[in-house]
Amino acid sequence: MKRKIIFLIFLSLFFTVFSGNLQNDYKEEFQKLIKGGILISPPDSFLSGQSDPSSAYMKFLSELGKFIKKNKELIIEISGHTDSQGNIKRNKEISLLRAEKVKEYLVSGSGILKTRIFVIGHASSFPIADNTSIKGRIKNRRIEIKSIDPLGKITFIRNNVFTKSPVEIDFRKAKVLQDLFNLYKLNTKKRSTANIGFPDKSSINIGPDSLMILYEKIERELDSPGKENIQLLTGFLRTKLNKLREGFKIDTPACTINSRSKVLLVDISKDNRSAVSVFDGTSEVKAQKKSVDVPSGFGTFVKEGKKPAPPEPLPDPPKIVAPIKPDFYLSGGPEENKKRIFFEWEPKEPLYHIQISADKEFKQILKDEKINGNSISFLLGKGTYTWRVAGINKNGIEGFPALSSFLIKVKKSVLPVELSHSSYDSSELAHSSTKLNSSDTLKIKGKTIPGSTILIKEEPVTVDSNGEFSKTIYLSNGWNLINIIGANSGYKRSNKWISVCYYPEMKRSIFIGMLMNIPDKVSSIDRSAMFNLGKVFKLNNFLMADFSIGISRVLLKEDTGKYKKSIPSLPLTTRLRYQLTPGRKLSPFLAAGLAAHFSFPSLIADNKIDTKMLFTPEVGAGFYFPILGKYGSFEIKYLPFLKALPIFSKLTGNFAIDFRLYLN
C-alpha cells in the first residue's frame, strides 16, 4: 500500500514538472508573436485534404488561446496552407477552412473576441518545403500564426460612417481612432466624410457616398505582385502621402491606378466613370489592356469597359469673390450660435467642388459639396476654417483648388445676473428682520438667463426654469466678501461681489480699554494713564450701560509739599452710552459717567499717610468701528475732579482720549 502511495506521489510530481516545462516551452515560443515572429504548426498537424487539426496541435492551441487572451494588444492573423496536390480552387478552400477551424477553436476555447483574429487561405502559393517529396508535402500542409499591426486608423468622422471587417456580416458604426486592418471596408453615407491616417503620417480623405476596401500589400505573393492598396468602389478619395517607396495602387470599377503622386484625386461618378487628377509626380492609369501615363498637373478619365482617355490639363483654380474678410462675429447669445457664411467665386467650369475644413491639412472636412453654380452658403459656428474650391470640367476631372481661410469669433455680452440687493451694511444686517432670517445669516436672491450656472462662494446654486435662484449663507464676524459667478456658454462670465460688514450686537460684551489724558497749561496734571476691564449691557437699541474696574496712575508737573509726583489709584467707572445710528460701520455715540478713584498718595509731612477718594464725572463723544472681527471705540472725554487733595488746590479737570476693544 505504501509503495502504491509513493508511486502515485512520484507520478504526480513528474506530471507537474513535465507540464510546467511544457508550458514554459510554449511561453518561449509564444513570445515570437510579440517580437513579430511566426508560429508554424508542426508536421502532421493536418492530413492531406483535411481541415481539422490533430489532437496534439489542439493542445498547443489551447495554451496559445490563453496567451492571446492575456495579451490584449495582440491582433492575430491565421493563414492556412496546402501542398501542391489537387486543383487550385479546392486547395484554396481547404487552406481557408484550416485557418477558420483554428480560429473557431481559439475563440470557443479561450473566449477571445472574433474581431482580434483574421483568417486567410493561401492554398499552395507559399511552400516552405519541396512538394515533390512526402516529407515536404507534410510540412507544407500547415497553419501560420502571426501578430499584425493595423494598416491605419480613422482619425476623423463626420455624420454617418460605417466599417466592416472580413469576419463580420454587417457594417457597424465607425469610431474615431478605430484601427483598420486588411480587407476592412469603409462606407460613408450622404453628407458624410472620413479621414484615414497611416503610421508614416500619410492620410486619405474619403468623400460622401463612398465605399472602399483597404488592402495590405503582400510582397511575397508571386502570382499577384502588384496587389492593390485600396479598392474604391464608389465615391471620392484624395491622398496626401508622406512617402512614396513603391508607389500606391488604387483599383476602381473602370481602371487601375499605379500612382507615384503624393497628392492624387480619384472620383467615381454615378455611371462608374473614373476621373483621375494628378497634382504632383506621375501616375499610370490602366484599363482594357491599355495604359496612359498622367504627368503632374494633368488628369484623365476612364469609362467602364473603355480605354483611358488621353491626359488633359487640370482646370485652373477659380478666383474667390467671397468671403474676403477674415473675421466674422457671433452676438454671443444662445439664440445665435451659428452664422451663415456666403461663399462665391467667379464662374468658369460647369461644376465646382467646395470643401470646408476645421484644419489647414483638410483632415477634418466639415462640408463637402459639388454644385452647378458659383455660390453657396453654410451655417457655421465658432472656429477657424480653411476652405477650398476647385472646378470640375465636362469630363469630370477636378482641377487645382483655390484656398482661403476665415475666423468666426464670439462677441459675447456679459451674462445678466440681477441681485435683489447689490450690497449690505451692518445696520441692515443687524436690525432688518425682513432681510435676514437671523443675525448671522444672509439670503441672496437673484435672476439670470434660464439654463445658466450660478456659483455663490464657489458652491453651485440651483437655477429654476424662470432663471431665479436663492441661497442662504452664514456670515462671519467682520467683512464678508461674497462672490457670485454666473456662467453660460453663450455669454461672457458674470462676476459680482456682495460686500457685507457684519458684527454681532454687544448685548453683554466684555471690553478692555486704555485712557490717556491730554496735558494743558492750566492743569497740574502732566500726564496720566488708565487701563480698565469692564462689561457692557444693552438696555435697548440705542442705550447701553457699562461698568469697569481699572488701574490708574496720575503724574504731576511739579512737586507740591511733601507729596510724590505720582498718584496710583484703582478707578471704578459706570456710565451710559447713547448711540445715534446703531449698527452702522461707524456708529457715533454720546456718553456720560462717573468714576471713583481710590488713590494712594504718600504724605511725609507730620508723619502721615493721606489716602483720598476722588470722584470724577466724565462726558464724551466718539464712535464705534469694526476692527479684527470685533468692535472698537474711540472717544474724547472731559474729566473734572470733584474732590482734590488739599495740597492739590491747582489740580483741575482735563481732556482725555479713550480707546476700547470689545470682546464678544
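The values are calculated or read from the model by the stated rules, or taken from the named source; none is laboratory data. On a predicted model such as this, the values are computed, not experimentally measured, just so you know. We place every Cβ from the backbone using ideal geometry, glycine too, and count neighbours over all the protein chains shown. Heavy atoms of the whole protein, side chains included, go into the accessibility calculation; ligands, DNA and RNA do not. Shrake-Rupley method; radii C 1.70, N 1.55, O 1.52, S 1.80 Å.
Values for this structure:
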{"item": "Summed side-chain charge close to N159 - residues other than N159 whose Cβ falls under 9 Å, Lys, Arg +1, Asp, Glu -1", "result": "+4"}
{"item": "For the stretch 251-389: accessible area per residue (Å², 1.4 Å)", "result": "50"}
{"item": "Accessible surface, the stretch 30-175, averaged per residue in Å² (probe 1.4 Å)", "result": "52"}
{"item": "Proximal charge balance of P308 [Cβ under 13 Å; K/R count +1, D/E count -1]", "result": "+3"}
{"item": "Unsatisfied cross-links (Cα-Cα over 18 Å) in the set K201/K363; K146/K243; K164/K243", "result": "K146/K243; K164/K243"}
{"item": "I34 paired with L570, simple spin-label distance in nm, labels 7 Å along Cα-to-beta-carbon", "result": "9.0"}
{"item": "Distance (nanometres) between label positions extended 7 Å along Cα→Cβ at N159 and K492", "result": "3.8"}
{"item": "Inter-label distance, nm, simple model (7 Å from Cα along the C-beta direction), S375/L590", "result": "8.4"}
{"item": "Filter on K325/K382; K189/K338; K338/K496; K153/K189; K59/K185; K70/K103 - keep pairs with C-alpha separation over 26 Å", "result": "K338/K496; K59/K185"}
{"item": "Prolate/oblate/rounded call for the stretch 50-191, Cα gyration tensor, a/c under 1.5 rounded", "result": "prolate"}
{"item": "Estimated vicinal HN-Hα couplings, Hz - the stretch 382-393 in sequence order (Karplus 6.51, -1.76, 1.60; Gly, Pro = x)", "result": "4, x, 9, 10, 10, 9, 9, 9, 9, x, 10, 7"}
{"item": "Heavy-atom accessible area order for R141, R575, largest first, 1.4 Å probe", "result": "R141, R575"}
{"item": "From phi via Karplus (6.51, -1.76, 1.60), per-residue ³J(HN,Hα) for the stretch 169-175 in Hz, x at Gly/Pro", "result": "7, 10, 6, 10, 4, 6, 10"}
{"item": "Under-5 Å amide H pairs with L366, H placed in peptide plane, nonlocal only", "result": "I356, S357, A358"}
{"item": "J(HN,Hα) series, the stretch 131-137, from Karplus relation 6.51 cos²θ - 1.76 cosθ + 1.60, nearest Hz, glycine and proline x", "result": "6, 7, 10, 5, 4, x, 5"}
{"item": "Difference of contour (0.36 nm per residue) and Cα-Cα distance, A129 to M514", "result": "127.4 nm"}
{"item": "Per-peptide average of other Cβ atoms within 10 Å, ordering 89-98, 28-37 highest first", "result": "89-98, 28-37"}
{"item": "Global geometry of the stretch 355-400, whether rounded, prolate or oblate, following the gyration tensor of its Cα atoms and the 1.5 cut on a/c", "result": "oblate"}
{"item": "For F298, residues with placed amide H under 5 Å, excluding near neighbours", "result": "V278, L314"}
{"item": "Calculated FRET efficiency for the pair T282/T384, C-beta based, R₀ 35 Å, to 0.05", "result": "0.50"}
{"item": "Which of S509, S108 is most accessible, then next, and so on - probe 1.4 Å", "result": "S108, S509"}
{"item": "Additional length obtainable on full extension of the chain from E93 to I324, 0.36 nm per residue less Cα span", "result": "77.0 nm"}
{"item": "Accessible-area composition of the stretch 106-218, carbon plus sulfur, in percent [1.4 Å probe]", "result": "55"}
{"item": "Of all accessible heavy-atom area on the stretch 274-420, the percent that carbon and sulfur account for (1.4 Å)", "result": "51"}
